[in-house]
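Each value in this text was obtained by applying a stated rule to the coordinates, not by laboratory testing. Computed from a predicted structure; not experimentally measured. Heads up, the Cβs are rebuilt from the backbone with ideal geometry, glycines too, and the neighbour counts pull from every protein chain shown.
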Amino acid sequence: MDRAKLPAGNGTTERLKAPPKRKLHAMKNDAQALGADPIDAALTVGLKDLWFPVCPSGFVKANPVSLRRLGYKIALWRDTSGKVHALEDHCPHRGAPLSLGVNLGDRIGCAYHGVQVRCDGTVTRVPGSPGCKLEGSRPTRMFHTAESNGAIFLFNATDPAVNEPPPLKLPEQLTSPEWSSFLCYTEWGGDYRYVIDNVMDPMHGAYLHKQSHTMSEGDMTAEFQIRDLPEGFIFEKKGQRDVNFDWTEWLDTGIHLMRLEIPYPKTGGPGGSFTIIGSYTPIDPRTAGVFHWRCRKVSGWQRDTWRFLYKNRLEQRHWNVLEQDRVAVENMEPDANQREHLYAHDAGIVRLRRHLRKLAEQQLARQASNA
Ligand code: FES
Ligand SMILES: [Fe+2]
């Protein structure tokens, strides 16, 4: 189920309308982010040379669609085999949106003057001026795509003409036949990094979600520790496992992912704890694409039981919990993270922010040396 598709009132359109005063503040903040600190500017649009989920599979059909993601406006469409292609939504002739054009399989024909752009960014035909220099050139940014687990992923390459992206590497919860999952997608009116902070903060479960059937247990105070792992780190409560939202793991496999576990009561059906894989993609500086795969290790008849139970009973409860997070994140001021007083429970957030800034710094150094 995709929350972003729900009608206004529950959906995103209405939620994204900010009061003018806040908008002004947000704009000032964006300008600061883009002007003052290049590291922050790099993080605002999402780090390069990583895979990002950009939308549920159902968003892209044969007719090109336009999405803003990762600092770009992107045209996506499917060819006759169903493969998804993605180009910057900007015709190289005079900048009309390619998404208004015609699907020609592996190419789009621009609606304005018919220039044809292939999925690798090459102009194959200029019908108004055959043989002109634009033909055969490759002026349009292309994005490598992958489709898996109900979502479309893009590789956010520094070099727009990179021929071979690294493979998309997803965790076992999304690749092993022993697991079964549902994607839940939504869009929140806040910086995607606030969404990351929210997930890297297991302690909020005992407070914000204290009414929830799955999260009412657990200590209201806890000590935490950080453990390094081969592909990231885990931030976990000391001496408490399988009680509530006890830990969050950060993973970098060429895509940034977060993993956490919510223990389930027996009434939650077969499959033991509920694992959530999260990934968060900037849509614009004030909007985040929020991807959560809700996974359980179940096979055979137990899988069918769980899938039935999930659709009929559990899904709505999970949306209710997520709604509490959304309200908290969306109502934080854009500069809230510059006026904080952090304490021990926030060590995971501090560690992750520092890590992301280091990755952004390395990216800027790479870009400078290639310039
Ligand atoms: S703007 Fe696209 S063909 Fe002219
Ligand atoms: Fe939460």
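In table form, for the structure just shown:
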{"quantity": "Trypsin sites (Lys or Arg not before Pro) restricted to segment 128-233 and DSSP loop, no more than 15 other C-beta within 10 Å", "calculated": "Lys133, Lys169, Lys210"}
{"quantity": "Pair His341, Ser299: separation of 7 Å Cα→Cβ label points (nm)", "calculated": "5.3"}
{"quantity": "Karplus-derived 3J(HN,Hα), 6.51/-1.76/1.60, for each residue of segment 314-324, Hz, glycine and proline x", "calculated": "7, 4, 4, 5, 5, 4, 4, 5, 4, 5, 5"}
{"quantity": "Qualifying chymotrypsin sites (Phe, Trp or Tyr not before Pro) in segment 286-371, DSSP loop, other Cβ atoms within 10 Å at most 12", "calculated": "Tyr343"}
{"quantity": "Built amide H within the under 5 Å cut-off of Ala151, gap 5+", "calculated": "Ser57"}
{"quantity": "Residue-by-residue Karplus 3J(HN,Hα) for segment 70-82, coefficients 6.51, -1.76, 1.60, Hz, glycine and proline x", "calculated": "6, x, 10, 9, 10, 9, 10, 8, 10, 7, 5, 7, x"}
{"quantity": "Candidates Met203, Met142, Met332, ranked by Gaussian network fluctuation over the chain, Cα under 10 Å, top entry", "calculated": "Met332"}
{"quantity": "Dipole axis of the chain (+1 Lys, Arg; -1 Asp, Glu on Cβ), positive-most option in Tyr310, Phe52, Val126", "calculated": "Val126"}
{"quantity": "Added length on full extension, which subtracts the Cα-Cα distance from 0.36 nm per residue, Ser176 to Arg354", "calculated": "60.9 nm"}
{"quantity": "Positive-end residue, the chain charge dipole about Cα centroid, Cβ charges, pick of Ala368, Leu104, Gly190", "calculated": "Leu104"}
{"quantity": "Inter-label distance for Trp319 and Asn163, nm, one decimal - labels placed 7 Å from Cα along Cα-to-Cβ", "calculated": "4.7"}
{"quantity": "Gain on full stretching of the segment that runs from Thr267 to Lys311 - 0.36 nm per residue minus C-alpha separation", "calculated": "14.4 nm"}
